[in-house]
Amino acid sequence: MIEIKSLSKEFKLTKQHRRELGESFTDKKSIRAVNDISFSCKPGQIFGLIGPNGAGKTTTLRMVATMLKPTHGSISVCGHDTVHANQQVRKKIGFMTGQTALYDRLTPNEMVQYMAELHGMKKDLFFQRRQSLFDLLDMHDFADRRIARLSTGMKQKTSIARTIIHDPEVMIFDEPTSGLDVMTSRAIMNLIRSCKDDGKTVLFSTHRMGEINQVCDHLAIIYNGELYFNGSLNVFKEEMTQPTFEDEFIFRVEGK
Amino acid sequence: MKIWIIFKKELKDILRDRRTIMMMIVFPLLLAPALITVVSKVQMMQMKKAQEKKLKLHFIGKEYAPNLYQDFVSSERIIMIPYLQKDSIQHYIQDEFIDAVIEVSSHYNLALGQNKKASIKVYFKGSDSMGITKKRVEQIIKERERFIINERMARLHLDIDIMDAFEIDRVDISSSQEKIGKAAGGFLPYIFIIFGFMGAMYPGLDLGAGEKERGTLETILSSPASRFDIVMGKFLVVLSAAIATSFIAIGGLYLAVQQFPDIPVEILQVIQDVLSLKVFLMIMGLVIPVSAFFSAIILSLSIYAKSFKEAQSIVAPLNIIIIFPAIIGTLPGIELNHTTALIPVLNVSLAAKDLVAGIIDPILMAEVYGSLFFLAGLSIWFCVKWFNREETIFRN
């Protein structure tokens, strides 16, 4: 379960940032990446956070994963506050991005073991879990090959295995399919569905409306750090006034 | 605490990196010894060549100084060039057509007959053959001078010893270890400061900026490991690489010196004494904090950088900043005192020199250790604090 209440995040702007962002930021000391957003994700549901690049999706997910501290508001993951009980939160989550985020000089076996050790898994439980994951993902053939020498698909499987080796209650996917081919994207979407089937809480960000339609139960539209919609996919569909998801998205963020 | 888990993984990771292995093992083990071997071999070859070379000389005024001229003619490995334009002799020497010209004035015999000094001009190229041409020419002139002085003394019925008012008996109380230590000891800190820095550089860049570039930083930040565990695990790996590189470099140097055939036995003996367990441990005591300082600084800069390339461009100039005090430490007259003992890197350079020479002052040594450990602690504290800043790790 993830509970987000009145969440905001401000970043201080350096001179270099102000130069890069242009004239409208010349006098600003900070930028608000996320502005007073609230939503909750329940176990057994997939919650999609949709918005264009720079909307505040990654910042939100990083705050949920305790990598960033909120400026205002609070986040609770499985009952633990992300600021005051950040280590407890990290024990409960699995975090995955579009980048495979693997160590090229390790083998899939070593990579998965490393994450298991960091999560404090007992050895026999780890061996058991690794066996079942490697069976499920068909990883045995390349488990002892250096990651640098693996294909993109093999790397993605390794990335999945390292994310879920500790069987997290909450899964966070930050644009997990960005830059991936159709086959690998499909494998990721299947993983997201299987997480739901296992009763996990899934928070998933994307800028592709099609993916939301494929897997999500609930969705929130985020744009310029603010929420433009927060509700079930069915309600969103019922309220649609435009022919496609994309058109509806643009209509909502531009029309507000 | 997950420090050990992170340390083990990062160590395994960097030991599989070819660049790190090159910087950590191959370069220090081969480069320093190869450099020393090649430089000394070339130097010795050049000296031998210059000494055995047949000098081409021209003598102006042989009719005034036939004896001196004869001395040159009868000397070994000298060819006299008979006819040269006097106004072109400087060009001939510059173009290395001849090596030197001896010019005797027409008053040569008159001056000598009156027990005065006769002027002799020697033209030579000082930049040539490490000054050996000049030495060989002057040696022949000196021998003739000694002969003339002897003759004068005999004529005046004086003992040749009258020329010397004192007989100085020089008693050098410095041990051979001290002499060699003072002369060559400055080289040792160079080795472990520079190689230590080099050894820390690649792992430091890889474990900070490299992690950002690969996107693995988020993986590890979302794990239950605390930021302190992460940064300390990484720091210890960088530190281990720096220390290992320093000692591999010193070890390589030691092996090279032992293999070198032209080193006198007494120097080898001194080297054995210098590398006693006590000196070795004391040098290690210097290497650890200075490496910790380097490692923490490199890691901090690397964590700050957005990419591996940016990290390289930030860290590379540090090489010069670090080499500078190490060079000052080798200059004559710069000694370890209560002030220099507090200046980072310079204090290591000076303390190592005194350690090798066996004349280290324990109070100054304690001061050096104190300042180094303080600095190391401060840089580690900064590194941990730096890693906890969102603005640093998510700078882009």
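Tabulated results
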{"item": "Residues of the stretch A:194-232 satisfying the condition of being farther than 23 Å from residue A:76 by Cα and in a helix (DSSP H, G or I)", "result": "A:194, A:209, A:210, A:211, A:212, A:213, A:214, A:215"}
{"item": "Matching entry among A:165, A:172 (being in contact with a Phe, Trp or Tyr (Cβ under 8 Å, 6 or more places away or on another chain) and touching a residue at least 60 places away in the same chain (Cβ under 8 Å))", "result": "A:172"}
{"item": "Among (1) closer than 30 Å to residue A:248 by Cβ; (2) in contact with a helix residue (DSSP H, G or I) (Cβ under 7 Å, 6 or more places away or on another chain) - the single one residue A:59 does not satisfy", "result": "(2)"}
{"item": "Residue within the stretch B:3-17 that is free of Cβ contacts under 8 Å to residues at least 40 places away in the same chain, in a loop (DSSP other than H, G, I, E, B) and assigned by TED's automatic domain parsing to the domain that holds residue B:230 present", "result": "yes"}
{"item": "Helices (runs of 4 or more DSSP H) completely within the stretch B:306-396 that count 3 or more residues being without any contact (Cβ under 8 Å) to a residue 24 or more places away in the chain and exposed (fewer than 13 other Cβ atoms within 10 Å of the Cβ)", "result": "B:318-330, B:362-387"}
{"item": "Qualifying positions in the stretch A:103-145 - within 11 Å of another protein chain (Cβ to nearest Cβ) and among the charged types (D, E, K, R)", "result": "A:104, A:105, A:110, A:117"}
{"item": "So residue B:281, is it closer than 29 Å to residue B:258 by Cα, of a type outside the set (Val, Ile, Thr) and modelled with pLDDT under 80", "result": "no"}
{"item": "Failed item, numbered, when residue A:100 is tested on (1) over 23 Å from residue B:228 (Cα atoms); (2) part of a helix (DSSP H, G or I); (3) facing another protein chain (nearest Cβ under 10 Å)", "result": "(2)"}
{"item": "Residues that are modelled with pLDDT of 85 or more and out of contact with any Asp or Glu (no Cβ under 9 Å at 6 or more places or on another chain), drawn from the stretch B:352-366", "result": "B:362, B:363, B:366"}
{"item": "Any chance residue B:229 is modelled with pLDDT of 90 or more, assigned by TED's automatic domain parsing to the domain that holds residue B:382 and of a type in the set (Asp, Glu)", "result": "yes"}
{"item": "Failed item, numbered, when residue A:172 is tested on (1) outside any helix (DSSP H, G or I); (2) surrounded by fewer than 20 Cβ atoms within 10 Å (Cβ to Cβ); (3) within 12 Å of chain B (Cβ to nearest Cβ)", "result": "(2)"}
{"item": "Tally of residues being in contact with a His (Cβ under 8 Å, 6 or more places away or on another chain) and buried (at least 24 other Cβ atoms within 10 Å of the Cβ) across the stretch A:34-46", "result": "2"}
{"item": "Residue match in the stretch A:146-155 (condition: under 20 Å from the mean Cα position of the chain (by Cα), away from chain B (no Cβ under 13 Å), outside any loop (DSSP other than H, G, I, E, B) and of a type in the set (S, T, N, Q))", "result": "yes"}
{"item": "Residue within the stretch B:209-229 that is aliphatic (A, V, I, L, M) and not in a helix (DSSP H, G or I) present", "result": "yes"}
{"item": "Of the criteria (1) free of Cβ contacts under 8 Å to residues at least 24 places away in the same chain; (2) crowded, with 18+ Cβ neighbours inside 10 Å, which one residue A:66 fails", "result": "(1)"}
{"item": "Residues that are away from every other protein chain (no Cβ under 14 Å) and aliphatic (A, V, I, L, M), drawn from the stretch A:41-69", "result": "A:46, A:49, A:50, A:55"}
{"item": "Within the stretch A:70-80, considering residues that are outside any loop (DSSP other than H, G, I, E, B) and either over 15 Å from the mean Cα position of the chain (by Cα) or more than 13 Å from chain B (Cβ to nearest Cβ) (or both), the one farthest from residue A:236 (Cα to Cα)", "result": "A:80"}
{"item": "All helices (runs of 4 or more DSSP H) inside the stretch B:72-163 with 1 or more residues being touching a strand residue (DSSP E or B) at 6+ places or on another chain (Cβ under 6 Å) and closer than 25 Å to residue B:55 by Cα", "result": "B:89-94, B:132-155"}
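Residue-by-condition table, conditions (1) in a helix (DSSP H, G or I); (2) without any contact (Cβ under 8 Å) to a residue 40 or more places away in the chain:
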| residue | (1), (2) |
| --- | --- |
| A:28 | no, yes |
| A:32 | no, no |
| A:36 | no, no |
| A:39 | no, no |
| A:44 | no, no |
| A:52 | no, no |
| A:61 | yes, no |
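The values are calculated or read from the model by the stated rules, or taken from the named source; none is laboratory data. Quantities reported herein were computed from a predicted structural model and do not represent experimental measurements. Because the Cβ atoms are built from the backbone with ideal geometry, glycine has one as well, and the counts that use them run over all protein chains shown.
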